[in-house]
Each structure stands twice: as structure tokens, then as C-alpha cells.
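S.K.: Here you go, one structure.
Only the coordinates and a few stated rules stand behind these numbers; no lab work does. For clarity, every value in this text was computed on a predicted model and none was experimentally measured. Cβ: placed from backbone, ideal geometry, glycine included. Neighbour counts: every protein chain shown.
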Amino acid sequence: MAERSGDLVIEGLVKLFEGGVRAVDDVSITIREGEFVTLLGPSGCGKTTTLNCVAGLERPDAGRISVGDDVLTDVSRRLVLPPERRDLGMVFQSYALWPHMTVHDNLAYGLRLRKVPRAEIESRIRATLDLVELSGLEKRYPYQLSGGQQQRVALARAVVAEPRVLLLDEPLSNLDAKVRERARFWLPHDQAEALAISDRVAVMSAGRVLQYAPPNDIYERPSSRFVAEFIGRSSFLRGEVVRVGAGRAEVRLAGSGTVVTAAGTAAGTAPGDRVVLAVRSERIDMRGENAAENIVRARIKSYVYAGAEYEYILDTPEGELRASSQRAVSGPEVSLHLPPDAIVVLREEAAPLS
């Protein structure tokens, strides 16, 4: 692997499309050397455009991109290095393998252009194919491989060049740990997969990064209702803060008037503030009749059996809620318990109270 590396730093990145649309709007994130970072967001949120700007395939309208001490893009200085001078590896969603070349020649092509010595080319190819478990398939053509094997060839072709940063526009849950030795940037299509293998996740919407944090923080402490809705399944209850103190916030629910307690310091809020409570569906206890606090009455509207659990839609004075349970719950009336440590207090589309 290449020795020359360092953190990937993106500062104030802006990309405008026709009509003044901000496809990327002031994105600033740092990916530490060795990290695996994922961009998550709905279609059109700016993920791929951000990736293309890092790769040099798109010219941004503002911002700076660097890896270690090397500046790749600095719009203020009119500096934009072409892709071939960035020492980055990119795996496209379509794989983009040369159909008339064998696996070996697909990997060797870029190295030959760089005039890497023949013996080193062969050594790198052997090591990389072993890494992605494709040894013995060197002489096969892409059409002779399965989709998964083609995916691994595309990854191997990026890795064999020993880039400082890998840019991945494809789910790669089988990525070997040995490949994760440098900063990586990934655009996945499966949230669970992204949360499982990423060191940090950046959630994007409308060209902006709304939250950049480790997966457990993204899931358990979403910074906004958008993040809570986009990642996983949550239920939302509106209310008004009635008391703050001792590391807890008490909130009167808008529908029933019930006062519930949320754990957390609730910094920056005061009695009278209107808030939204977010609760992950799996954290709602549907057998909460014996709980001492935070009880919400509900009526089972419908449910489905999803294999590992039952998923319920519930009518409550606070509106429709969703909950899940590993065991079937008899109804139709149930008492829901909302554990204080499961409640995230959110301002309207703002940061959580922390």
C-alpha cells in the first residue's frame, strides 16, 4: 500500500447546477486516515456529486479538498487537479470493467500506464486477487464472472493501484479488513449495512450534511427529525417543555396532556418550548401497564408478522405511532411505556437537546 497518505479534508464545498441549484451546499467534513466513512441520504441529496468532486470528475464552485499535505482542489486559487493526478481509487456502481480484457489485464492496465515494473505488477495483482478471494480467476473475462465476482474485480482494480483514498459508489459489505487501512468514502444503498461497517456516517439532505457522527450516535441521538425519520424507524410525539433539571426534561404531550420524562441534560431549553419527541419503534414497550412513568394509552390499528418481530401501527391521543415486539401482543387496548433513555428531545428540525 502507498505510504503517502493522510486525512481527507473537505472544506466549504459548493457545487451549483443549472438554475442555481445547490447540489452540494457548504459541505465540510474530515475523514481521518484509516476511517471508513459513509454518505447517507435520499436520492438527489448531493452524495454522488460530493464524491465526484473529491474524485475530480466534477469541478466545484467553491471549497477546498486536500489529502494530507496535498491540495487537490482549492477554488479560491483556481486549483483543480485532474483525476489522474489525485492518487485516488474509485469503484463505480456499474463496475466499468473492460469487457475485452481478462481479470488480470483489467488490473494490470492502469499499472502499465503508470509504467510500474512488470515484476511489481504481477506481485501486486497476485496479492490483490488473494485479498478479494479471486485467485485462480485471472484468465477469465467479465462475462464469465458472477455479479459479485465482477464487483470484487472492480474493487481489486482500485486497490491494486495503492491509492491514498478509496471512493466507493456501491454496497461492499464483504470488504476485507485489510483494505480498510486508509481513508475511504462510500455511497451505500443499504442503511443497515452502512451502520454496521462504517466508522462514521454523514447524513445529507438538499446538499447539506445534517449530522456527521459514529453510527450509534446517528441512530440513538439523531440531530433532527429528518435524521430520525431517514435512519431506522421512529415514532414522534409533540409536546411542550414544562420542567428542566437534574439531567432530565419533563414534557407535556400535546394530545393527552400526559407529562413524560426524557433523560438528558436538555441544555438550551426552557419551560414553554415546543418540542418533538422521537422514540425508536423497537424501544417502545407494548406491555407497559406496570411502568411507573411515561405511559401512553393506545389502540392496535393493525400489525404484520415480520419474522423476527411483530410490527404494530397504533392509534394514540398523540397520533399514529409505530412499535415492534418480539412477541405477539393481545389487544385491542394496550399501555405503551416510553423509557426515558429512549426519548430524544428535538426542536422543530433542529438539534437534539443534549
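S.K.: Normalising by the residue count of the chain, find the relative contact order in percent from Cα pairs under 8 Å and 6+ residues apart.
M.R.: 15 percent
S.K.: Using only alpha carbon pairs under 8 Å that are at least six residues apart, calculate the relative contact order of region 276-327 and give it in whole percent.
M.R.: Once normalised by length, the contact order is 34 percent.
S.K.: Specify the residue with the greatest mean-square fluctuation among Gly12, Gly20, Gly255, computed from a Gaussian network of the chain linking alpha-carbon atoms under 10 Å apart.
M.R.: Gly20
S.K.: Shifting gears a bit: For labels at Phe17 and Tyr143 in the simple 7 Å Cα→Cβ model, what's the distance in nm?
M.R.: With each label point 7 Å from Cα toward Cβ, the separation is 3.5 nm.
S.K.: Give the calculated FRET efficiency between Gln326 and Ser76 to the nearest 0.05, with a Förster radius of 56 Å applied to their Cβ-Cβ distance.
M.R.: That pair, Gln326 with Ser76, gives E of 0.50.
S.K.: Please list, by residue number, every one of the trypsin sites (Lys or Arg not before Pro) in region 90-175 that is coil in DSSP and has at most 15 other beta-carbon atoms within 10 Å.
M.R.: Filter output for region 90-175: Arg114, Lys115, Lys139, Arg140.
S.K.: Tell me, in nm to one decimal, what length is gained between Ser28 and Arg114 on full extension, where the rule is 0.36 nm per residue of separation less the Cα-Cα distance?
M.R.: 27.7 nm
S.K.: Name all residues of region 249-288 having a backbone nitrogen under 17 Å from the label point set 7 Å from the Cα of Asp315 along its Cα→Cβ direction, giving them as ranges.
M.R.: In region 249-288, the label zone of Asp315 (backbone N under 17 Å from the point 7 Å along Cα→Cβ) covers 255-256.
S.K.: Can you sort Leu79, Leu237, Leu51 by how many other beta carbons sit within 10 Å, fewest first?
M.R.: Ordered from fewest to most neighbouring Cβ atoms within 10 Å, Leu79, Leu237, Leu51 come out as Leu79, Leu51, Leu237.
S.K.: By count of other Cβ within 10 Å, fewest leading, how are Glu84, Glu293 ordered?
M.R.: Glu84, Glu293
S.K.: If you work out semi-axes √(5λ) of the Cα gyration tensor in Å from the coordinates, which of (1) 32, 25, 20; (2) 59, 22, 14; (3) 47, 25, 16 do you get?
M.R.: Recomputing semi-axes √(5λ) of the Cα gyration tensor in Å here gives the entry labelled (3).
S.K.: For region 199-291, run through the GluC sites (Glu not before Pro) and keep only the ones in DSSP coil with at most 14 other Cβ atoms within 10 Å of their Cβ.
M.R.: Passing sites in region 199-291 are Glu289.
S.K.: Once you keep just the Cα pairs under 8 angstrom separated by 6 or more residues, what percentage relative contact order results for region 226-346?
M.R.: 29 percent
S.K.: So for Cys45, Cys53, fewest C-beta neighbours within 10 Å to most, what's the order?
M.R.: Ordered by Cβ neighbours within 10 Å, fewest first: Cys45, Cys53.
S.K.: May I ask for the distance between the Cα centers of region 104-133 and region 226-302, given as a whole number of Å?
M.R.: Taking the Cα centre of region 226-302 as reference, the centre of region 104-133 is 56 Å away.
S.K.: Further question on the same structure: Can you give me the Cα centroid spacing of region 5-37 and region 45-76 in angstrom?
M.R.: So the two Cα centres are separated by 6 Å.
S.K.: Oh, and also: Based on a Kirkwood Rh over C-alpha pairs, give the Stokes-Einstein translational diffusion coefficient of region 226-346 at 4 °C and viscosity 1.567 mPa s in µm²/s.
M.R.: D, rounded to a whole number, is 89 µm²/s.
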